[in-house]
1. Does at least one position in region 96-107 carry a residue that is at pLDDT below 70, within 13 Å of ligand 1 (Cβ to nearest atom) and crowded, with 18+ Cβ neighbours inside 10 Å?
2. Which residue out of Lys125, Lys118 is away from ligand 2 (no atom under 16 Å from the Cβ), at pLDDT 85 or above, in the same structural domain as Lys164 (by TED's automatic domain parsing) and open to solvent by 30 Å² or more (accessible area, probe 1.4 Å)?
3. Considering only region 192-246, state which residues are surrounded by fewer than 16 Cβ atoms within 10 Å (Cβ to Cβ) and under 18 Å from His165 (Cβ atoms).
4. Looking at Thr87, Thr60, can you tell me which residue is over 31 Å from the mean Cα position of the chain (by Cα) and hydroxyl-bearing (Ser, Thr, Tyr)?
5. If only one of Asp259, Asp255, Asp248 is acidic (Asp, Glu), assigned by TED's automatic domain parsing to the domain that holds Ser204, within 12 Å of Gln219 (Cβ to Cβ) and touching a residue at least 40 places away in the same chain (Cβ under 8 Å), which one is it?
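The values are calculated or read from the model by the stated rules, or taken from the named source; none is laboratory data. Since we're looking at a predicted model, the values are computed, not measured. So basically every Cβ, Gly included, is an ideal-geometry build from the backbone, and we count neighbours across all protein chains shown. Keep in mind that these areas ignore ligands, DNA and RNA; they rest on the heavy atoms of the full protein, side chains included. Shrake-Rupley method; radii C 1.70, N 1.55, O 1.52, S 1.80 Å.
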Amino acid sequence: MFELLLNIYKKEKLPVESTKMENKFTYMNVLKAIADDTRMAILQSLRSGPLTVSDIEKITGKSHSTTSQQLKSLSNSNLVTYRKEGTQKFYKIRDRQIFDMLESVSSYLSTSDVVSAKKGMKGKKVLLMGLDSSGKTSILLSFLGNKNLMAYMNQNLKATNGKKHMSEILSDMNLETKIQPDSIYFEYGGQVVFREEFKKDPISVIRGFDKIIYVIDVQNDKRYAESISYLSEIIGSLDQFSQTFEMDIFLHKFDPNIDKEGKFSQQTINEKIIGPIKQLMPVGFKNTIYRSTIYTVFRKSLMMQTYQA
Ligand SMILES: Nc1nc2c(ncn2[C@@H]2O[C@H](COP(=O)(O)OP(=O)(O)OP(=O)(O)O)[C@@H](O)[C@H]2O)c(=O)[nH]1
Ligand SMILES: [Mg+2]
């Protein structure tokens, strides 16, 4: 991310080594320039193309004076430029790489979400459920915290065969890991045959667990209805469980490059997933919805220069 920030200002100007003081200044400047609610809202409003001040005001809901003031600050920091057409000024993002950086922060936050979700499970016995291929095994592997192992395993993922403890999943893949799998995690495979078994006898699947993580593949919109219907069966079977039973819902495969403006915008996700889920949830049933992904954006950082003159 450092190179990205650096490039925003210093593109092709100065070699990395010779600009230490200036880099620090530039780095801080970019961070300061974006660290404000109004300026962030303005940047986001300019995602889809150039806008006038009054267009921006309408989108952000901020007053004229606040918008003008913060636009000035953004253009002083070189994040935003403008062109004049008659009496109108059209503002635009100077270099769209700024959005890569914001995606990177989102990715960091969504990964932290998963980490914090995991923390909330201390001492609880947790079952991952969801349709086949929604990403349950991948999430469990990511809980192990070993990215190399995950990268390898992702090539070798097999459908999970019924209810499996995390260590069984690892041994099914013929993989020994020095990392001790957390004893609390289990997965219930999502293939039709297992979902049918669950329908017949839900209690034997869920008995003994304190929490379910229900995983929805957010990228597969054709299966939203199927996934929500399975979720509804699970919730229906929870009637006899204690008040302390909890559910986390992971809107998974929310990768950094996902189309957050179009198909997977907050509004669409609200309409198609969150709204229907809210309707299913019985009063007083503790549940939290997270975005999650096992992927982060491509990263580049300088290791060494081997060029010899
Ligand atoms: N794009 C993307 N793909 C993912 C992500 N997580 C998992 N996958 C892919 O989704 C596919 C299915 O993943 P699994 O973890 O095996 O799914 P599962 O829910 O365990 O499936 P069953 O065991 O059959 O119920 C694999 O090809 C993974 O690489 C993610 O965050 N983003
Ligand atoms: Mg699995």
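1. Yes: region 96-107 contains one or more residues that are at pLDDT below 70, within 13 Å of ligand 1 (Cβ to nearest atom) and crowded, with 18+ Cβ neighbours inside 10 Å.
2. On the way: Lys118 fails: at pLDDT 85 or above.
Step by step, each of Lys125, Lys118 is checked, and only Lys125 is away from ligand 2 (no atom under 16 Å from the Cβ), at pLDDT 85 or above, in the same structural domain as Lys164 (by TED's automatic domain parsing) and open to solvent by 30 Å² or more (accessible area, probe 1.4 Å).
3. Ser204, Arg207, Gly208
4. Criteria check complete, one pass: Thr87.
5. Working: Asp259 fails: touching a residue at least 40 places away in the same chain (Cβ under 8 Å); Asp248 fails: within 12 Å of Gln219 (Cβ to Cβ).
Sole residue among the options that is acidic (Asp, Glu), assigned by TED's automatic domain parsing to the domain that holds Ser204, within 12 Å of Gln219 (Cβ to Cβ) and touching a residue at least 40 places away in the same chain (Cβ under 8 Å): Asp255.
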